[in-house]
Every structure is written in structure tokens, then in C-alpha cells.
Amino acid sequence: MEIDNLIKKLSETHSLSLSEYEYLIENRTEEAAKILREKAVKIRREIYGNTVFVRGLIEISNICKNDCLYCGIRKSNAHCDRYRLTPEEILECAREGYSLGFRTFVLQGGEDAYFTDEVLCDIIRSIKQNHKGCAVTLSMGERSYESYKRLFDAGADRYLLRHETADKEHYEKLHPKEMSFDNRMECLKNLREIGYQVGCGFMVGSPYQTNKSLAKDLKFIEEFKPDMCGIGPFVPHKETPFAKEEQGTVELTCYLLSIIRLIYPQVLLPSTTALGTIHPMGREMGIEAGANVVMPNLSPVSVRKKYELYNGKICTGEESAQCKDCLNQRMRSIGYEIVVDRGDIKIG
Ligand code: SAH
């Protein structure tokens, strides 16, 4: 009974207290998940209809100075076969993506010192010039305010920087001591202040995560109101300290996707590759739980296996066109349509 009331309160007020979020997670049932899913899909339909936005993901480098304990491309992984795309290769990926109907390009990579502001600004300017009306999203980790500002001034529209966990103690268990929770949060605030559309997000089922830390993630999302929110299951990578940890579940990831949709109905919510990795129908299930974005891979096939954040990552064998067609078909099979659109957040 209590959980029904919480769901009602959430869908009417888009807000719960920290302990209420925790209760909603702790006491979840299949029945509660179904109600949340239905409400999430209904409200998403009112705003976005049956359309799903696509972002072409270009994995520009797996060289990284950081040592996040969960990540397969962490600097201590000596078995990682490192690569970096040249600016020409990146522009070529965007060209191919444009011809396939992509109007947003996401440049993601490790924190690779090669990608100075100068190098990135040139790439951003070229993409924006070559493909008028397209959006450029960056996902290149933590940088200074000045750097974010330069990239924004060069034309970058959006920035994805998952907060990873809104619980400082938990953050410290997932990262080496050189990395700081406060700095990551500061970066998100700076990005927002500069004028980017900002994405945060977290892994579901990461080691040491508790229902309380998840409740903090939800409260943070409620308060920060990110334009985008990337959540996907944690999946272990064998060359990391978390090799033996358990992976996150489809069930909890989908449950949280529905809750996030109800917290912030307009939010752009991807159904992630990680979700598709742990279940053959994972991405469809994510959309049916309230997500509205998919991110097919546009990276050159030769590097896809090397950008291995976690083991078993899907979509590493096919050409971009096949990746796009595959997702098109998957979305159609559940009654959704991928659209050729920048896919901006619909506010108001
Ligand atoms: N260097 C950039 C991009 C990181 S990779 C940055 O710092 O933002 C993008 C996301 O992949 C990360 O934010 C993390 O949430 C996710 N990720 C990394 N390792 C993972 C794993 N083992 N399982 C699931 N997701 C993982």
C-alpha cells in the first residue's frame, strides 16, 4: 500500500524525500515496477510520442590518465591495446554518420592529453561547419572551467559527464585517491553555468552501491535536473580490481529508468549499450521502461573492440550502417521510430 502511495506522490509532484526514494528501491516488487513503467511510458509519450532519438557515438581514444577501479581502459590496465583516432578519422566518422541520418555526434574518450583545447576546438568547428544543424556532444571527462568554455565557444552543444555516484564515500571506493568527488560535481556545475546541455549519470550495481547511495543519485537528479542522464548496469572487466564483482541487473536498471522519467519527464534518457550487453533485449526493455535515446556506434570497426570499458561489450563487429539498421529494427519491433533530428530536450 505504502509503495503505491509513493508512486502516486512521485508522479504527481516529481519529488520524494531521500528516505522515500530508498524505500521505493528497497521494497520494490514486480507490481510496483509495472506501475512505474506504465506511468513513465505514458508521460514520455505525451512529450516525445513514439520517437526515439539517436546519437552517433565516436570513441575517439582509449588512452586515459585516470585509474577508475571499474573501467577497462584505466591507465593501469597493461593489457589494453591503446589507440587514438586522428582528427581526420573523427571527421570521417561524422561524415559517414551524417549520411546515415545522424544529427548528433558524441565524441567520447579517455582523458587523453593529446586532445588539447586546440585540437578539440578544431575538430568541433569542422564538424559544425561540415554538417550544419548538427549537435556536438563531448564526453571527455574532467577539464577546467576555461577549457570547457573554449570548447563551448568553438561550438560544442552538450557535455556528458556521469557523476558515477552522488555518495561521496561510495565515490571514493570506486576511484583512486587522486580523483575527487567534489571536483566531478564542480565540473557538472561549471558545464551548466557555461551553457551546455549537461548529462550526468551513474552505473547500476557498481561495487559497494547501496539503496541509500542510489537514493542519493535520484535526489541529485531531482535537484540538478540534467538535460540528459546516462544510466547503465555495471559490468565487470577482467583486467580491473573489480573483475570478480557481480554485474548490475536489467531489472533494477529499468526500475530506475522509470523513476528518473517520472522525476523529470522531459529528460533525455538513453537505453545504454551496457544494458544491451547484459540482456539480448536490454535496449528494448530500457525504452519500454521510459528511456528515449539510443547511441549506435560510429567508431571505425578496427578500434571498437579496443574501447572496452567492460567485458562483452556489444556492437563491436558491425559497420556503422548495420548498427543503425539493427537499432532501427529493434525500435520498430516494439512500436517506436528512430528520427533524423538533433534530438534536443523539449522544455515547456
Ligand atoms: N572519460 C570520460 C568517459 C568515460 S566512459 C569520463 O570520464 O566521463 C563512459 C562511462 O562508462 C563512464 O562514465 C562509466 O559510467 C561507464 N563505465 C565505465 N566502466 C564501466 C563498467 N565496467 N561497467 C559499466 N559502465 C562502465
**Asked** In region 199-219, is there at least one residue being open to solvent by 10 Å² or more (accessible area, probe 1.4 Å) and closer than 21 Å to Lys346 by Cα?
**Response** no
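I'm checking my understanding of the structure. Among residues of region 87-122 that are among the polar types (S, T, N, Q) and more than 24 Å from Tyr310 (Cα to Cα), which one is least open to solvent (accessible area, probe 1.4 Å)? Let's see the steps before the verdict.
Within region 87-122, the subset among the polar types (S, T, N, Q) is 99, 104, 108, 116.
Applying the additional criterion that residues be more than 24 Å from Tyr310 (Cα to Cα) yields 99, 104, 116.
Values: Ser99: 92, Thr104: 0, Thr116: 54 Å².
Looking at residues that are among the polar types (S, T, N, Q) and more than 24 Å from Tyr310 (Cα to Cα), I get Thr104.
Taking the conditions exactly as written (surrounded by fewer than 20 Cβ atoms within 10 Å (Cβ to Cβ) and within 15 Å of the ligand (Cβ to nearest atom)), does Lys225 satisfy them or not? Before you say what the answer is, go through the steps one by one.
On the way: surrounded by fewer than 20 Cβ atoms within 10 Å (Cβ to Cβ): yes; within 15 Å of the ligand (Cβ to nearest atom): no.
Criteria not met by Lys225.
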**Prompt:** Which pairs do you get when a residue that is of a type in the set (Ser, Thr, Tyr), found in region 127-155, comes within reach of a residue that is assigned to a loop (DSSP other than H, G, I, E, B) and modelled with pLDDT of 95 or more, reach meaning Cβ atoms under 8 angstrom, with the pair 6+ apart or on two chains?
**Reply:** Thr137/Arg55; Thr137/Ala156; Thr137/Asp157; Ser139/Leu161; Tyr148/Tyr196
**Asked** For region 194-210, how many residues are within 14 Å of the ligand (Cβ to nearest atom), assigned to a strand (DSSP E or B) and not aliphatic (A, V, I, L, M)?
**Response** 4
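Looking at region 169-185, is at least one residue crowded, with 19+ Cβ neighbours inside 10 Å, under 12 Å from Cys68 (Cβ atoms) and of a type in the set (D, E, K, R)?
Taking region 169-185 and keeping what is crowded, with 19+ Cβ neighbours inside 10 Å, we get 170-171, 174-175, 181, 184.
Checking which are under 12 Å from Cys68 (Cβ atoms) leaves us with 171, 174-175, 184.
Next, from what is left, pick out any that are of a type in the set (D, E, K, R): 184.
Within region 169-185, one or more residues are crowded, with 19+ Cβ neighbours inside 10 Å, under 12 Å from Cys68 (Cβ atoms) and of a type in the set (D, E, K, R).
Can you pull out the helices (runs of 4 or more DSSP H) entirely within region 211-302 that have at least 3 residues that are touching a strand residue (DSSP E or B) at 6+ places or on another chain (Cβ under 7 Å)?
On the way: elements: 211-224, 250-263, 273-278, 282-289.
Qualifying helices (runs of 4 or more DSSP H): 211-224, 250-263, 273-278.
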**Request:** Return yes when Glu308 is open to solvent by 20 Å² or more (accessible area, probe 1.4 Å), farther than 22 Å from Ile127 by Cβ and assigned to a loop (DSSP other than H, G, I, E, B) and no when it is not.
**Result:** yes
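The values are calculated or read from the model by the stated rules, or taken from the named source; none is laboratory data. Predicted model only: the values in this text are computed from it and were never measured. So basically every Cβ, Gly included, is an ideal-geometry build from the backbone, and we count neighbours across all protein chains shown. Heads up: the accessible areas ignore ligands, DNA and RNA and are worked out on the full protein's heavy atoms, side chains in. Shrake-Rupley method; radii C 1.70, N 1.55, O 1.52, S 1.80 Å.
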